[in-house]
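The values are calculated or read from the model by the stated rules, or taken from the named source; none is laboratory data. Everything numeric here is computed off the predicted structure, so don't read it as measured data. For accessibility, only protein heavy atoms count, side chains too; no ligands or nucleic acids. Shrake-Rupley method; radii C 1.70, N 1.55, O 1.52, S 1.80 Å.
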Amino acid sequence: MTASTTPVRPAATPSTRRRWGGLAVLSASLLLVVMDMTILNLALPAMAEDLRPSSVELLWMVDIYSLVLAGLLVTASSLGDRIGRRRMLVTGFVIFGAASLGVLLADSPAHVIAVRVLLGVGGAMIMPSTLSLIRALFPDARERATALGIWGATAAVGSALGPILGGALLQNFSWHSAFLVNVPVMAAAVVAALLLLPESRSERPGRLDPVATVLSIAGMVGLVYAIKELGKDGVTAEVLVVGLVGAALLFGFVLRCLRTGEPMLEIRLFRGRGFTAGVLTALITSFAMVAALLLISQWLQLVKGWSPLASGVALLPMAVGGLIGSPLAPALAQRIGARTVLVGGLAVGAAGFLLLFAVPQPLTYAGIAASLTLIGIGTAPLAVASAVIMAGAPVDQAGSAAAIEESSYEIGAALGITVLGSLAAAVYRAGLPSDAPTQAQESLAGALTLGDPALSSTARTAFTESLTWFGLSGGLLLLAVAGLVLYLTPRTLDLSAAHH
């Protein structure tokens, strides 16, 4: 998602039709990534019934995509500066489509995880190129601002369309369709990109650093694996060793970036308090939203017994909340200040989570819908967070700022599922009888396949209880981060200095 740190090579400005057609291609890239995430959440129960993954394998199916994508973002951005961003984008389209087609050969959890790894590689090539190409397509600042607003709004549209499309596919086809839907879209995107997008390169691309890439990927995977195992089995020697090694590798990545004059990622940007607040807002919003979609979609299907399509439609209040709030957030920030909008958005999202804990039991869909709406409204200030991030970076470091911004979304999504998902799993297991079969302790889907009515009822109650405690923990975490963002963000922050 990085913008070049140096001016792109001069080129003729594309025609108006080609510019906006190119924007449609770039926006479709984001739309597909968001839809793919929500479709997968709906497909998980069917995948679990077919493949019988353990709870850890189930989490890896979701997490590995974000981890690989986040780990490769900086490298893909630097490579795109060298070989051309359009070329990098089209290569990503091809890999993404081919990996999606490869799901036809997947007959085990390990195979699905491998497919998700390849999807992460393709996504890492797609995402860093999009905003840089928007910058090349729209040299006029006012047009570019409009284009960026449209590009960002597609995330809310993807959240709305993903559950419905996923539900319709899963209603009529197997879980494989959640992946295969990507194939024709990627094929069309390749053709459209070659026809509509200009090539764009940096005159002085940043230095590639394979060692830093390995440190970041291995460190993140090790740390997240330790967190997952901690939620499943508690403190063990393996968890401690893997966790410490992962943390050490990430620390080594940071030191390497700080000690070189041309780092792959400009870590020094975090010295700016406004920049740090914007990244923190983006990370925690993604952290909470993705975890909520994952658990609530499972609750709708496995506890309420709703079909995938009905469950997809039932998730719409989150997208509606985002669509209502997103257009208002930038204008509101101009009136009352960016800090107020960021903190207010986090507070509204926290209220949505706390509502899951506060509504009378047994939990009903009315409470879920109200919670989803507030969580959706709480995602509206993400556009303001992006402006805060870019305003906190000098022009010559805009590339690193954009890469950090995109990484925060992906890392937040992975860690949200890991931390809050593991917490919910621990509460679920605590609600089961001590002699419950291992399959039941692994997941609610596993308990339901045993065919024991009493155990199924107990497992559903335990899962609902885990969702309420998930709401409490998520709400308190968002409130804590809101207080930190309030402290970090300068009261007089001027967003007119943003450099997308």
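Measuring nothing but how far apart in sequence close Cα pairs (under 8 Å, 6+ apart) lie, relative to its length, the chain scores a relative contact order of 23 percent. Using a probe of 1.4 angstrom and keeping all protein chains present, the accessible surface of the chain works out to 39 square angstrom per residue. Computed from Cα positions, the angle between helix 338-358 and the longest principal axis of the chain comes to roughly 10 degrees.
The accessible area of residue 373, taken with all protein chains in place and a 1.4 Å probe, comes to roughly 50 Å². For the chain, how big is the tail of P(r) above 40 Å, as a whole percent of Cα pairs? So the portion of pairs separated by more than 40 Å is 17 percent. Could you state the angle between the C-alpha long axis of helix 316-325 and the longest principal axis of the C-alpha atoms of the chain, as a value from 0 to 90 degrees rounded to the nearest 10? Rounded to the nearest ten degrees, it is 30. Rounded to the nearest 10 degrees, the inclination of helix 398-430 to the longest alpha-carbon principal axis of the chain is 0 degrees. Reducing segment 307-375 and segment 439-498 to their Cα centroids gives an inter-centroid distance of 14 Å. Helical runs (DSSP H, four residues minimum) scored at -39500 (n - 2.57) apiece and divided by the length of the chain put the mean residue ellipticity at 222 nm at -26500 deg cm²/dmol. Across the accessible surface of the chain, with the other protein chains kept in place and a 1.4 Å probe, carbon and sulfur atoms take up 67 percent.
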